[in-house]
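So the structure is just underneath, and the comments pick up after that.
Just so you know, all these numbers are worked out from the coordinates, no wet-lab data involved. The structure displayed is predicted, hence computed values, not measured ones. Cβ sites come from the backbone with ideal geometry, for glycine too, and all protein chains shown count toward neighbours.
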Amino acid sequence: MSSEYSRRGRNWFSAMGVLFIIMAGIVLIRNMILWSPEFALDFLLGPDITNEKISVGMIAFGLILIGWGYRKPNVKTN
């Protein structure tokens, strides 16, 4: 592999960010299939803390981790 190839975004933070986004997407899709999109939207916009709101928070946190992974320099290995 060339020493000029930087492998940006391939570190622990970006991997965990992708994992958070995938997990949140699975929860949202599962709830839309089990209930219906209307119920899922009602749960998302309601005053209670629900799985849908936690999933939106997980997506936001995953995006923050991916952004942090692109800013953080990679560890140099031999």
Would you mind putting 49-62, 23-36 in packing order, based on average other-beta-carbon counts within 10 Å, highest first? 49-62, 23-36
Local net charge near Leu44, Cβ-Cβ under 9 Å (Lys/Arg +1, Asp/Glu -1): -1
Karplus (6.51, -1.76, 1.60) ³J(HN,Hα), θ = phi - 60°, over segment 39-53, in Hz, Gly and Pro reported as x: 5, 4, 5, 4, 5, 5, 8, x, x, 7, 7, 10, 4, 5, 5
